[in-house]
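Readers should treat all values here as calculations from the given coordinates under stated rules, not as data from a laboratory. Source: prediction; values computed, not measured. As a convention, Cβ positions derive from the backbone with ideal geometry for all residues, glycine included, and neighbour counts pool all protein chains shown.
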Amino acid sequence: MGNGQAIFSAETLQALREPVLDNARGLPASVYTSQSFFDLEQASLFPKTWMGIAFDTDVPKCGDAIPLTVQGLPLILVRDNEGIIRVLQNVCRHRATLVLDEPCEALTNFKCPYHGWTYDLQGGLIATPFWDGTPGSKSIPVDPCKNSLVPVRCHVWNHVVFVNLEGTAPDLLNYLEPMDRELSHLDIDCLEVGHRQTWDFAANWKLVMENWEVYHHVWVHEGVFDKMSDEVDLGSGDPYTDMIADGNTMMLRANDRRPPIPQPVEGSSGYLPSIPRKWEPDGHTSAANAVLPNTTVTIGAMAYAPALYIPIAPGVTQARMAWYFAPGVIGENCFESAVNGVLDRWLGPARKLADRRGIRPQDHRCMELQQAARSSPIADDVKFSTTWEQNVRYFQHWVVDQID
Ligand code: FES
Ligand SMILES: [Fe+2]
């Protein structure tokens, strides 16, 4: 890990590290807008982390494969013939052609469209037809050890496919251990996907992670979080949410001060079976969870909603989100309107980002406004509330620490 000394000015680092949070200052606007800082992140930050890039349900059956682009790299996500999810570099080892250019089902191998080199679903080279002029190409064998599709280190956790491009990060379960521990009582693996949605928005990826606070709720989420008295004790100023940052994770966990939130009861129109539990936890479970740099997993009583934020350009991020429900919910008529209610709350009734209704369109619109403001030098001077925004500064420190 570097300390960012070569990239950030001494004044910037000193202001960021100011012990009294109300007196601290955040990172300058250029880290959100400049191509050179974006390039630096692409080269120095993301490859050594675990990035969420896809969902296991993107390739539900053996032989399913989709092409993906991550960090500008063409990749293949595949579920092999044993049901194991793999990520491979999507580059033929003969003369570098994309091996897979569209989603496919029921594959038994990958065949390069240029000269027919063939790879099994684990990426192993199995045929180089007519390399020596004969169909079996036996006289000039091509060594599969040196010429198979290059694997990318990957791990599936709670339906999210993570990759570590550099290959040297700690094991994923170690990397996100505080989050794994927080959610360990929930049987997330058994959940079934109900909806997936992908969209681009015009803001830097870091603004997503800097949104890991609840101060914005009543201002941004009209119709969803409408009362500040639901967020904080208005007399004492003590929030009802603990803001937790630990290692590569950040969480927003309700505390014991929060008044209980009524949930739909069985038989009522909004009712859905809750996420099954392996055991009852001692206290509250964090609802809003971030695995740095680019993955979030939200736990509601009735749905699990992971989201992946793929940086496309300094001012463009792609969001890939999915909603998972308890077994037996999806496809059951009696739950259809409650499932739609969950999706309405997240995405608005039209399911369109431009509608600016629903939690995610509202958040992303606000991030676009933050991004636009960062073309002004005034945006170099940002402040943090001690009451609400310790996670925001934690994340900014984390970014500085990652940059060599
Ligand atoms: S480039 Fe793939 S077989 Fe020639
Ligand atoms: Fe929000």
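Listed as lacking a disulfide-compatible partner in the chain: 62, 104, 145, 154, 190, 334, 366, by the criterion of no other cysteine Cβ under 4.7 Å. The order of 148, 36, going from fewest to most other C-beta atoms within 10 Å of their C-beta, is 36, 148.
If R0 is 45 Å, the Cβ-Cβ spacing of residue 356 and residue 30 corresponds to a FRET efficiency of close to 0.95.
So what does the Cα-only Debye profile of region 51-164 read at q = 0.11, 0.14, 0.16, 0.18 Å⁻¹, as log10 I(q)/I(0), no solvent term? Normalising to I(0) and taking log10 leaves -0.34, -0.54, -0.69, -0.85.
Among 238, 282, 80, the order by Cβ neighbours within 10 angstrom, fewest to most, reads 282, 238, 80. Subtracting the Cα-Cα distance of residue 104 and residue 82 from their residue separation scaled by 0.36 nm leaves 6.2 nm. Could you compute the longest span of the chain free of chymotrypsin sites (Phe, Trp or Tyr not before Pro) located in DSSP loops and having at most 13 other Cβ atoms within 10 Å, not counting the site residues? Maximal segment without exposed cleavage sites: 131-278.
For a quick check of your reading of the filter: which trypsin sites (Lys or Arg not before Pro) in region 147-232 sit in a DSSP loop and have no more than 12 other Cβ atoms within 10 Å?
Working: sites: 153, 181, 196, 206, 227; in loops: 227.
For trypsin sites (Lys or Arg not before Pro) across region 147-232 that sit outside H, G, I, E and B with at most 12 neighbouring Cβ atoms in 10 Å, the list reads 227.
Put simply, the C-alpha atoms of the chain give a gyration tensor, and the ellipsoid matching it has half-axes of 39, 28, 18 Å, longest first.
For GluC sites (Glu not before Pro), the sites in region 198-270 that DSSP calls loop and that have at most 12 other Cβ atoms within 10 Å are 222, 266.
For region 187-227, the residues whose backbone nitrogen is under 11 Å from a point 7 Å from the Cα of residue 369, taken along Cα to Cβ, are 219-222.
Are there DSSP H segments in the chain that both extend 20 Å or more along their axis (alpha-carbon positions) and score a mean Kyte-Doolittle hydropathy of at least 0.0? List them, or say none. Intermediate values should be presented prior to the final figure.
Numbers: long enough: 333-347 (21 Å, 0.17); 359-373 (21 Å, -1.00).
Span-like helices, by this rule, are 333-347.
Quick one: if the Förster radius is 51 Å, what FRET efficiency do residue 380 and residue 233 give, using the C-beta to C-beta distance and rounding to 0.05? Calculated transfer efficiency: 0.90.
Are there any trypsin sites (Lys or Arg not before Pro) in region 1-60 that are in a DSSP loop and have at most 16 other Cβ atoms within 10 Å? List them by number. Provide the component values of the computation, followed by the final result.
Numbers: sites: 17, 25, 48; in loops: 25.
Passing both the DSSP loop test and the Cβ count: no residue.
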